[in-house]
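Report on one structure; see the data block that follows.
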Amino acid sequence: MKVLVTGGAGYLGSTTAKALEEAGHTPVILDSLLIGPRVFVKDRIFYEGDIADRALLRRIVAEHPDIDATIHMAARIVVPESVEKPYEYYRDNVAKSLELFDELVALGKPRVLFSSSASLYATKDSFEVSESDPLDPTSPYARTKRMMEQVLEDMAAATDLRALVL
């Protein structure tokens, strides 16, 4: 199976791409290289660009019509920076993700696994959280992740989008 991995040049994205390969799948990497280094892509199928670039998404799907799903890991992730630069976080993590999801549905590629964050949850002394713990996203970064979970829920109810949140 081919899987589009947005943010595939980042640490988690490249680790996920490696795990996909080890499981017999083929990752197709889309990354702007804003954060992740090109070296993490290795010799994988790679497209440098923005997740909101609809023309690029159409090209990727045209060149790889057998893409079965997308793992969306592209995001700005530095909590202190999100406090200093909230606009960039909401633009990149929310607005651009909306473009990505809408175009994936339009292209008939509605299966998405979204990489969220444990930072959505209230802090605990044990640091270990579960999905039943109370939510308390305390930074713009965490709020972008929570917002995208809500967006995915709404889009899945209204469109063909099918999403899982990790």
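Inside the range 1-113, counting only strands (runs of 3 or more DSSP E) that do not spill past its ends, which hold 1 or more residues that are modelled with pLDDT of 95 or more and under 14 Å from the mean Cα position of the chain (by Cα)? By residue number, 2-6, 26-31, 67-72.
Yes/no per residue for (1) touching a strand residue (DSSP E or B) at 6+ places or on another chain (Cβ under 6 Å); (2) within 14 Å of Ala75 (Cα to Cα):
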{"position": "Ser97", "(1), (2)": "no, yes"}
{"position": "Leu100", "(1), (2)": "no, yes"}
{"position": "Gly108", "(1), (2)": "no, no"}
{"position": "Val112", "(1), (2)": "yes, no"}
{"position": "Ala118", "(1), (2)": "no, no"}
{"position": "Asp125", "(1), (2)": "no, no"}
{"position": "Ser130", "(1), (2)": "no, no"}
{"position": "Pro137", "(1), (2)": "no, no"}
{"position": "Leu152", "(1), (2)": "yes, no"}
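Taking the conditions (1) open to solvent by less than 30 Å² (accessible area, probe 1.4 Å); (2) polar (S, T, N, Q); (3) in a helix (DSSP H, G or I) in turn, Ser119 satisfies each one other than (1).
Just checking, does the range 113-131 include any residue being closer than 19 Å to Asp92 by Cα and of a type in the set (Asp, Glu)? Checked the range 113-131: no residue is closer than 19 Å to Asp92 by Cα and of a type in the set (Asp, Glu). Checked against the criteria, Ser130 counts as closer than 26 Å to Thr15 by Cβ, polar (S, T, N, Q) and out of contact with any Ser or Thr (no Cβ under 8 Å at 6 or more places or on another chain). Within the range 8-54, the set of residues being surrounded by 14 or more Cβ atoms within 10 Å (Cβ to Cβ), polar (S, T, N, Q) and farther than 16 Å from Asn93 by Cβ comprises Ser14, Thr16, Thr26.
In the range 55-73, the qualifying residues are those that are among the acidic types (Asp, Glu) and touching a residue at least 12 places away in the same chain (Cβ under 8 Å), and the one that is surrounded by the fewest Cβ atoms within 10 Å (Cβ to Cβ) is Asp66.
Filtered by the rule that a residue be in contact with a Ser or Thr (Cβ under 7 Å, 6 or more places away or on another chain), hydrophobic (A, V, I, L, M, F, W, C) and part of a helix (DSSP H, G or I), the range 133-166 gives Ala142, Met148. Scanning the range 107-150 for residues that are touching a residue at least 60 places away in the same chain (Cβ under 8 Å) and among the charged types (D, E, K, R) returns Lys109, Lys145.
The values are calculated or read from the model by the stated rules, or taken from the named source; none is laboratory data. Here the structure is a predicted model, which is why all the values come from computation and not from measurement. Cβ coordinates were reconstructed from backbone atoms using ideal geometry, including for glycine residues, and neighbour counts include every protein chain displayed. We work out accessible area using only protein heavy atoms, side chains counted, and drop any ligands, DNA or RNA first. Shrake-Rupley method; radii C 1.70, N 1.55, O 1.52, S 1.80 Å.
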